Amino acid sequence: MPTTPIGSAPYPAGSDADNVPADVQALAVWASTRTTMRFADAAARDAAITSPAAGMVAWLDTPGSVTVRTASAWRTLWSALSWTDITLESAYTTYGTTPQAALDGGNFIVLRGGVQRSTPATQIAGSSVLGTIPSSLGSPLSGDYPIAAQWLGDIATGRLYVAPNREISYVGQNTGWVSLNGVRIPLA
């Protein structure tokens, strides 16, 4: 059976024996591996596709993600975020939205929410440990990450430091609140 020059779709040649069911099946098998396939979860996908080829794309109902096959493994392209509360130190509380973290695409931990001192009108001091990223999300790459914080006069405020033990600290001038929105931390 010949194939098309782009995509290698099989089609019957004039000289091929008439076998419409087999020809349609060959085309359906070809097409099903080149569209977004749908599965209940990764186990169902792996059971159905015993010889995956690079470039295959599959939707997984659980956890709600799009995966693509590389030469050696399935990788998550996009996944619905499942937010988990960040454990704050006792001196801190929520500012606006609850501080939370989620695993984004299997490669990054993303943060959202705000933090302030539990005591009203008390500022967050520089180098203060604010809380801890949940261990269920993996090991974040330790380092400094930009954040938004309360602007105090003409003094630019600081950054977020993520330690190897998943503790997050505010580093900078004393401030009234810290926003975690938009922080993306690669996994180590």
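Every number in this text was worked out from the coordinates using simple rules, so none of it is lab data. None of these values were measured; they are calculated from a predicted model. No Cβ is skipped: glycine too gets one built from the backbone with ideal geometry, and neighbour counts run over all protein chains shown.
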### Task
Take the alpha-carbon centre of the range 8-57, take the same for the range 126-188, and report the distance between them in whole Å.
48 Å
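Rounded to the nearest 5, what is the percent of antiparallel bridges among the DSSP beta bridges in the range 1-156? Please report the intermediate quantities before stating the final value.
Numbers: 23 of 27 bridges.
Within the range 1-156, antiparallel bridges account for around 85 percent of the total.
Considering all projection directions equally, how large on average is the shadow of the alpha-carbon convex hull of the range 84-186, in square nanometres? Present the calculation step by step, with values, prior to reporting the outcome.
Values: hull surface 23.2 nm².
Averaging across all directions leaves 5.8 nm² for the Cα convex hull.
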### Query
Which order results if 75, 69 are arranged by neighbouring Cβ count within 10 Å, fewest first?
75, 69
### Query
If you take the beta carbon distance between residue 78 and residue 132 as r and set R0 to 22 Å, what does 1/(1 + (r/R0)^6) give as a FRET efficiency, to the nearest 0.05?
0.25
### Percent RCO, i.e. relative contact order, over the range 24-88, from Cα pairs under 8 Å lying at least 6 residues apart
23 percent
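What FRET efficiency comes out for the pair residue 122/residue 24, r = Cβ-Cβ distance, R0 = 45 Å, nearest 0.05?
On the way: r = 72 Å, r/R0 = 1.61.
Efficiency computed from Cβ-Cβ geometry: 0.05.
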### Query
So how tilted is helix 20-32 from the main axis of the chain? Cα-based, degrees 0 to 90, rounded to 10.
20 degrees
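Using the 10 angstrom Cβ neighbour count as an exposure proxy, how do 160, 81 rank, fewest first? Don't skip to the end; give the middle numbers.
Values: 160 23, 81 16.
Sorted ascending by nearby Cβ count, the order is 81, 160.
I need the calculated FRET efficiency for the pair residue 85 and residue 53, taking r as the beta carbon distance and R₀ as 45 Å, to the nearest 0.05. Show your work: numbers first, answer last.
Numbers: r = 40 Å, r/R0 = 0.90.
The value I calculate is 0.65.
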